[in-house]
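The values are calculated or read from the model by the stated rules, or taken from the named source; none is laboratory data. Computed from a predicted structure; not experimentally measured. Methodologically, a virtual Cβ is constructed for each residue, glycine included, from the backbone with ideal geometry; neighbour enumeration extends over all protein chains shown.
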Amino acid sequence: MAKKRKRRTKKRLLKLNLWLWVSSILIIAIGATFWSQTLIYDKQQPQSQDAVRQQKIDWINQLAPYARQMQEKYGVIASISIAQAILESDWHTSTLATQYNNLYGIKADANQKSVVLPTQEFENGQWVTIQGRFAAYDTWQASMKSHAKLLYHGTSWNTAQYQHVLKARDYKSAAQALTQDGYATDPMYAKKLIAIIQEWQLSRFDIPQK
């Protein structure tokens with residue numbers, strides 16, 4: 001009887017050791033998988049951020065030549081045109097920009113192709129959401145041209161509305177003039193434009209004023 005008990009005890013010990021061995025291997029494997037995935041994620045993060053930044057640079061470089069053309073023809077400083085497109089379209093991610101090629105949040109005139117979308121306006125010291133009727137364009141170039149023409153010709157009720165923007169000799173003055181002339185209701189609009197221009201060095205696209 002003693003020998004049988006010893007054999008049973010040995011078998012139990014072997015099973016226990018085998019179970020512990022398998023469990024240890026599983027724990028090590030799970031841990032290794034977790035850490036490898038963590039390392040891969042950590043390595044991918046900077047690449048992802050770099051890719052997003054490169055996409056933004058590529059988009060700026062796409063807009064820049066046409067922005068310079070608009071400056072030559074209508075006098076709107078190129079860096080202002082690009083910075084407004086970035087700010088108003090949230091880097092070309094807004095519905096208005098991606099689906100309707102409106103980079104500047106330009107409202108539609110009567111009988112103009114348009115779309116109604118919610119938008120925020122700063123009124124009486126606070127942000128409110130309203131439904132706005134915005135112009136819809138076939139191309140982003142058409143949007144940029146419409147923006148330049150708006151600043152150049154003014155509005156239907158005030159042809160000289162943006163005269164201070166056109167008279168500005170540099171992007172800082174032009175940014176302040178946009179607020180002064182009523183382009184946007186955001187009290188921080190000029191500061192946001194200037195920050196974008198400086199961060200992305202957009203003034204390198206400006207044509208020197210004569």
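General observations
- So Ala97, is it modelled with pLDDT of 90 or more, among the small types (Gly, Ala, Ser) and crowded, with 17+ Cβ neighbours inside 10 Å: yes
- Hits in the range 72-84 (condition: surrounded by fewer than 20 Cβ atoms within 10 Å (Cβ to Cβ) and of a type in the set (S, T, N, Q)): none
- Residue check, His164 modelled with pLDDT of 95 or more and surrounded by fewer than 19 Cβ atoms within 10 Å (Cβ to Cβ): yes
- Unique residue being at pLDDT below 55 and assigned to a helix (DSSP H, G or I) when the list is Lys73, Lys3, Lys56: Lys3
- Among the residues of the range 133-189, just one is among the β-branched types (Val, Ile, Thr), assigned to a helix (DSSP H, G or I) and under 22 Å from the mean Cα position of the chain (by Cα), namely Thr179.
- Condition check for Tyr104: of a type in the set (Phe, Trp, Tyr), under 15 Å from Met70 (Cα atoms), surrounded by 13 or more Cβ atoms within 10 Å (Cβ to Cβ) and touching a His at 6+ places or on another chain (Cβ under 8 Å): yes
Rundown of residues vs (1) touching a Leu at 6+ places or on another chain (Cβ under 9 Å); (2) among the aliphatic types (A, V, I, L, M), yes/no style:
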{"residue": "Asn102", "(1), (2)": "yes, no"}
{"residue": "Ala108", "(1), (2)": "no, yes"}
{"residue": "Val116", "(1), (2)": "no, yes"}
{"residue": "Thr119", "(1), (2)": "yes, no"}
{"residue": "Ala136", "(1), (2)": "yes, yes"}
{"residue": "Ala160", "(1), (2)": "no, yes"}
{"residue": "Val165", "(1), (2)": "yes, yes"}
{"residue": "Ala174", "(1), (2)": "yes, yes"}
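- Residues (out of contact with any Phe, Trp or Tyr (no Cβ under 7 Å at 6 or more places or on another chain) and among the hydroxyl-bearing types (Ser, Thr, Tyr)) located in the range 163-182: Tyr171, Ser173
- Looking across the range 182-195, the residues that are closer than 16 Å to Trp91 by Cα and surrounded by fewer than 18 Cβ atoms within 10 Å (Cβ to Cβ) come down to Lys192, Ala195.
- For beta carbons closer than 7 Å, sequence separation of 6+ or different chains, a first residue in the range 85-114 that is under 12 Å from His147 (Cβ atoms) and a second that is in a loop (DSSP other than H, G, I, E, B) and of a type in the set (Val, Ile, Thr), the qualifying pairs are Asn101/Thr139.
- Some residue of the range 172-181 being buried (at least 19 other Cβ atoms within 10 Å of the Cβ) and either among the aromatic types (Phe, Trp, Tyr) or touching a strand residue (DSSP E or B) at 6+ places or on another chain (Cβ under 8 Å) (or both): no
Residues checked against (1) at positive phi; (2) modelled with pLDDT of 95 or more; (3) of a type in the set (Phe, Trp, Tyr):
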residue	(1), (2), (3)
Glu121	no, no, no
Asn124	yes, no, no
Trp127	no, no, yes
Arg133	no, no, no
Asp138	no, yes, no
